[in-house]
Number of protein chains: 2
Amino acid sequence: MARRVGGHTIALDSRPTVLSWAAVGGKLEGEGPLGSRFDEIEEDSYYGQQTWEQAESAMQKQALALALEKGSLATQDLGVIFAGDLLNQSISATFAHRASGVPFVGLYGACSTMSESLALAALFVEAGFTQKAAAVTSSHFCTAERQFRFPLVYGGQRTPTAQWTATASGAAVVGSGTGPRVEAVTLGTIVDLGITDANNMGAAMAPAAADTLKKFLKDTGTTPKDYDQIVTGDLGAIGSTLLAELMDKEGIVLEGRHRDCGLLLYDREAQNQVEAGGSGCGCAASVLCGALLPDLDQGLVKSILFMATGALMSTTSSQQGESIPGICHLVHLTSRR
Amino acid sequence: MARRVGGHTIALDSRPTVLSWAAVGGKLEGEGPLGSRFDEIEEDSYYGQQTWEQAESAMQKQALALALEKGSLATQDLGVIFAGDLLNQSISATFAHRASGVPFVGLYGACSTMSESLALAALFVEAGFTQKAAAVTSSHFCTAERQFRFPLVYGGQRTPTAQWTATASGAAVVGSGTGPRVEAVTLGTIVDLGITDANNMGAAMAPAAADTLKKFLKDTGTTPKDYDQIVTGDLGAIGSTLLAELMDKEGIVLEGRHRDCGLLLYDREAQNQVEAGGSGCGCAASVLCGALLPDLDQGLVKSILFMATGALMSTTSSQQGESIPGICHLVHLTSRR
């Protein structure tokens, strides 16, 4: 049974397994360094739908369908779906799963949603609340731009600190069996150091990543050397530098273990429109399901701390002058059989 | 330990307890039938803040603070806060709890958030993932109107089927000890029968309530007579009638057990601006924390099925012609010691 380790970390002693997973991406994601690792690349930004919002929903639905198919599972094998996305009232997730017939727990964790949903899915399996649970999320460049920033046709200039919302989705099914193990979970605390620039979200999220990582390492009595990779969600270039600085101040050296989904997903030289790197719920989700889980499954990597990070502001809160609260949930994954 | 009962219901055999709770409301809620049962009524719609969004956040923060105070608990006693609200990117919840230092799991279940959060809090305590977990949500008439409908100064005419978003918040702390017991949980499935009228959300949510109730009764082999009250979230007058009809079709008679938070919160004669009744996350939350939990605690009522219902659309999905998916999560509460 699960044990509370230290103050913030839950060790999953029955070690739930990620049974299957899938990643779906758009054209730009297909052209990036991880392009060949997606299960499906769709070049049409409308994904055969009438609107971008419907496209994002279809993408999320397809990611889960592919994950189930790859695991020879049916939708009705799922006891619960944990899902969310960036859109107002999480409509991508709702409409993606409305016909599933599966109990649905809607989440909002902004870009941290993949680790939030994966953590809850693993905890539900650990506790025996369900046999199999899905964790799913998505983002879409076009839906996010028009909701959070400017209409695309406006052709606004992007700042060098800006990140590019990934058009992507990832889905993972947790149960008991063969596959990467979920060893532990640290649910994050909201951290807000007063960053107000909505074009520099990596900087807003880095303190939350530092806080969660510090708590996990303290709770488990481990150091970064004990893990092959420490993979943050989407801090991008600026947030990644800041994370290293914040950890240094705590006397914790990342030892070359740190990677960031926002930097893994795109080639910032060849794809320079992404500026400081990728972001969006689908960024961490697709890197997890396209690269990290397969690498663990094949034993190429033995131990990963997956730490998706979220910036919990809205256009309204920013317009009202509020700073940007960040959050980061951590899931420890291993290739242990 | 928890048992899966039938297909959709989880019985909580260690029976987590609702240790403390509090309800905060606005002026109209204070003038309603439950006015005297709120822990705090604030007549200023700004709650001493600069904006209504900040007011809603402050209200949610205050509800949790009062719940903790009434239970002689401190914020740091909480292992996790489950919270959400109706606003884009759930900013009421985020900003309410950003300084708490407590692990935060953001939810989006629209007006079903109180039963979603209470269910997860109880499940976390049941599994031993934490000693104490909080479930919190809120809504505010002014933030909801301007986000979902029209600017208030526009003075738009409301339809007779429209419901009134409650300015209210409720918070409950779950742990082990004295208080109403959480006996079982049924996480709901999204149900969408094609209602597209965003001014008739009770009708959109009633099929979800019927679906969840039917599953719970089947899983547990019980009938409505086995419960003192079956309390839906905020179906209002039209949705409540529809629920009875839908249950009738299934051969299940509600036997006078049905109540609806949207009808309990206001006096539709004296407060006729509420039209078909109350709604909003804060409606079910404040009725639960202001009336249902105290009634259970005092033994006035022995057994309640608390079923908050949510309409999972956004203005974007409605503008794009989508129908309104509904969801309903059920929590079975008793006064058993």
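The table below lists the values:
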{"item": "Pairs, first closer than 20 Å to B:THR143 by Cβ in the range B:72-89, second among the acidic types (Asp, Glu), C-beta under 8 Å, six or more apart", "result": "B:GLY84/B:GLU116; B:ASP85/B:GLU56; B:LEU87/B:GLU53; B:LEU87/B:GLU56"}
{"item": "Number of positions in the range B:161-180 that are more than 27 Å from B:ILE41 (Cα to Cα) and open to solvent by 50 Å² or more (accessible area, probe 1.4 Å)", "result": "1"}
{"item": "Single match in B:LEU292, B:LEU217, B:LEU193 (criterion: in contact with a helix residue (DSSP H, G or I) (Cβ under 7 Å, 6 or more places away or on another chain) and on the phi < 0 side of the Ramachandran plot)", "result": "B:LEU193"}
{"item": "Output for the range B:34-69, where each listed residue is over 27 Å from B:GLN271 (Cα atoms) and buried (at least 16 other Cβ atoms within 10 Å of the Cβ)", "result": "B:LYS61, B:LEU64, B:ALA65, B:LEU66, B:ALA67, B:LEU68"}
{"item": "Matching residues, the range B:243-266, being open to solvent by less than 60 Å² (accessible area, probe 1.4 Å) and of a type in the set (Asp, Glu)", "result": "B:ASP260"}
{"item": "Subset tally (residues that are farther than 22 Å from B:ASP260 by Cα, of a type outside the set (Ser, Thr, Tyr) and touching a strand residue (DSSP E or B) at 6+ places or on another chain (Cβ under 9 Å)) for the range B:41-57", "result": "2"}
{"item": "Complete set of residues in the range B:191-242 that are within 14 Å of chain A (Cβ to nearest Cβ), hydrophobic (A, V, I, L, M, F, W, C) and open to solvent by 10 Å² or more (accessible area, probe 1.4 Å)", "result": "B:VAL191, B:LEU193, B:ILE195, B:ALA198, B:MET201"}
{"item": "Odd one out for A:VAL231, checked against (1) more than 30 Å from B:THR75 (Cβ to Cβ); (2) over 19 Å from the mean Cα position of the chain (by Cα)", "result": "(2)"}
{"item": "Residue count, the range B:267-323 (criterion: hydroxyl-bearing (Ser, Thr, Tyr) and either free of Cβ contacts under 8 Å to residues at least 24 places away in the same chain or assigned to a loop (DSSP other than H, G, I, E, B) (or both))", "result": "4"}
{"item": "Search result, residues across the range B:82-110 that are more than 9 Å from chain A (Cβ to nearest Cβ), of a type in the set (A, V, I, L, M, F, W, C) and within 16 Å of the chain's Cα centre (by Cα)", "result": "B:PHE82, B:ALA83"}
{"item": "All strands (runs of 3 or more DSSP E) inside the range A:6-117 with 3 or more residues being out of contact with any Asp or Glu (no Cβ under 8 Å at 6 or more places or on another chain)", "result": "A:17-25, A:80-85"}
{"item": "Residue that is nearest to the other protein chains (Cβ to nearest Cβ), among those in the range A:111-129 that are touching a residue at least 60 places away in the same chain (Cβ under 8 Å) and under 13 Å from the mean Cα position of the chain (by Cα)", "result": "A:GLU116"}
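The values are calculated or read from the model by the stated rules, or taken from the named source; none is laboratory data. Source: prediction; values computed, not measured. Note that each Cβ is placed from the backbone with ideal geometry, even for glycine, and that neighbours are counted across all protein chains shown. Each accessible area value is taken on the protein alone, full model and side chains, heavy atoms only, with ligands, DNA and RNA left out. Shrake-Rupley method; radii C 1.70, N 1.55, O 1.52, S 1.80 Å.
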